[in-house]
Structure formats: structure tokens, C-alpha cells
Amino acid sequence: MPDKVATKLNAEQGGLECVGTLSPGFGSIEEMSTDENIVIINCSGAQFLAVSLGAKKGQAWLLHNHAALEVPVRVHLGAVLNFSDWHC
């Protein structure tokens, strides 16, 4: 699903470019915070990181990984994304 959202976002002429997606599953904060996941994010070249894991979990994930993340702008969206509107 995230790859389809990225494709649609990149097809728009809005000035944003999605440089990658990562869907870590439904594990604990620790399970979603593997070294591999952090390296993938840090090596992506992203300047803006949007986390959509639900309000509490997204905030907790960002706080847990704050020191390891190199992306300068980070936001958690809670579960605000309605993927059904993307017609995937």
C-alpha cells in the first residue's frame, strides 16, 4: 500500500517527491526500531519524515528513535491518512 501512495504522490506536480516508503508491520516500538529500518530511513536522502502509526505509537516511535534519525523534519500523522481515498 505505501508504494502505491508514493507513486500517486510522485505523479502529482505539487513539489514534493517521495524518496521511499517503509511499512514496519504491527509490532512493538522496539520491533519497528531495528537498526536496519533506521539505516534505510537515514540513507534515503529524505528531508521530511512522515510517520503514520496512530497518534500514540507514532509519537512514541519518533521519541524512541530521535537520536538515531538524521532526517531534519519529522512529523507523526497518527492515523490521519485515509488510504481508501487513494484508490489503490
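Every number here is computed from the coordinates shown, using simple stated rules; none is lab data. All values derive from a computational prediction rather than experimental measurement. Reconstructed Cβ throughout: ideal geometry from the backbone, glycine too, with neighbour counts over all protein chains shown.
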How much FRET efficiency would the formula 1/(1 + (r/R0)^6) give for ALA11 and GLU31, where r is the Cβ-Cβ distance and R0 is 30 Å, rounded to 0.05?
0.40
Once you put a point 7 Å from the Cα of HIS66 and another 7 Å from the Cα of GLN47, both along the Cβ direction, what distance in nm separates them?
2.4
Once you put a point 7 Å from the Cα of LYS56 and another 7 Å from the Cα of VAL73, both along the Cβ direction, what distance in nm separates them?
3.0
Counting only residues 5 or more places away or on other chains, whose amide H sits under 5 Å from the amide H of ARG74 once H atoms are built in the peptide plane?
LEU49
